[in-house]
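**Student:** One structure, as structure tokens, below. Some questions next.
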Amino acid sequence: MSEDPMAGMPVADNAYPGLPGNLELGACSISLSVDDLAASIAFYRSLGFEPTGGDGESWSILVNGEAVIGLFHGMFEGNVITFNPGLTNRMERLGSFTDVREIQRRLEAEEIALVERVEADSGPGHITLVDPDGNSILIDQHF
């Protein structure tokens, strides 16, 4: 059995109250498809980002304050806006959050077309969709 990579994260009871929005999507980051991972890591490090995760060969997560960038080599085409239900951009795991399955139900009720749907009844899961301008969006719940 593998260790839970989120286990050591600080925990916040819930999202910060009073923030705008009516559908809690969690942490937001940009996932960039890169040609040369090492060169991209070096570039973003020069902008003050520090690696916080990844395998260093095909992907890396870099953080600068509350800004998060994922760099991915050979994993997908184009860039993706990523949301992580249950996480904050302050690298906290939320004790209470809107599950990806509830987000999926709400989007489908609004007749938003999903490219990928989550089928599992609980636990990790993701959905993907595309905005009107062709930008890919990934809502990726890790636990």
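The values are calculated or read from the model by the stated rules, or taken from the named source; none is laboratory data. Source: prediction; values computed, not measured. Note that each Cβ is placed from the backbone with ideal geometry, even for glycine, and that neighbours are counted across all protein chains shown.
**Student:** Do we find a residue being farther than 22 Å from residue 69 by Cα, touching a strand residue (DSSP E or B) at 6+ places or on another chain (Cβ under 6 Å), free of Cβ contacts under 8 Å to residues at least 24 places away in the same chain and not aromatic (Phe, Trp, Tyr) anywhere in segment 118-139?
**Tutor:** First, pick out the residues of segment 118-139 that are farther than 22 Å from residue 69 by Cα: 118-123, 132.
Of the ones still in play, those that are also touching a strand residue (DSSP E or B) at 6+ places or on another chain (Cβ under 6 Å) are 118.
Okay, now just the ones that are also free of Cβ contacts under 8 Å to residues at least 24 places away in the same chain, so 118.
Filter again for not aromatic (Phe, Trp, Tyr), leaving 118.
Yes; the residues of segment 118-139 include at least one that is farther than 22 Å from residue 69 by Cα, touching a strand residue (DSSP E or B) at 6+ places or on another chain (Cβ under 6 Å), free of Cβ contacts under 8 Å to residues at least 24 places away in the same chain and not aromatic (Phe, Trp, Tyr).
**Student:** Hey, can you tell me all the residues within segment 61-77 that are more than 18 Å from residue 28 (Cβ to Cβ) and surrounded by 14 or more Cβ atoms within 10 Å (Cβ to Cβ)? Give the steps one after another, and end with the answer.
**Tutor:** Step one: filter segment 61-77 for residues more than 18 Å from residue 28 (Cβ to Cβ), giving 73-75, 77.
Matches in segment 61-77: 73 only.
**Student:** So which residues in segment 103-127 are buried (at least 17 other Cβ atoms within 10 Å of the Cβ) and within 23 Å of residue 75 (Cα to Cα), if there are any at all?
**Tutor:** Selection gives 118, 125, 126, 127.
**Student:** Another question, if that's okay. Out of (1) over 23 Å from residue 55 (Cβ atoms); (2) crowded, with 17+ Cβ neighbours inside 10 Å; (3) out of contact with any Ser or Thr (no Cβ under 8 Å at 6 or more places or on another chain); (4) modelled with pLDDT of 95 or more, what's the single condition that is false for residue 97?
**Tutor:** For residue 97, the failing item is (4).
**Student:** Are there any pairs, at least 6 apart or on different chains, whose C-beta atoms fall under 6 Å, with the first in segment 31-47 and touching a residue at least 40 places away in the same chain (Cβ under 8 Å) and the second among the aliphatic types (A, V, I, L, M) and part of a strand (DSSP E or B), and if so, which?
**Tutor:** Cβ pairs passing all conditions: 31/80; 32/71.
**Student:** Sticking with this one: Sort through 91, 75 and tell me the only one that's over 13 Å from the mean Cα position of the chain (by Cα), modelled with pLDDT under 95 and not in a helix (DSSP H, G or I). Walk me through how you get there before you give the answer.
**Tutor:** Numbers: 91 fails: over 13 Å from the mean Cα position of the chain (by Cα).
Step by step, each of 91, 75 is checked, and only 75 is over 13 Å from the mean Cα position of the chain (by Cα), modelled with pLDDT under 95 and not in a helix (DSSP H, G or I).
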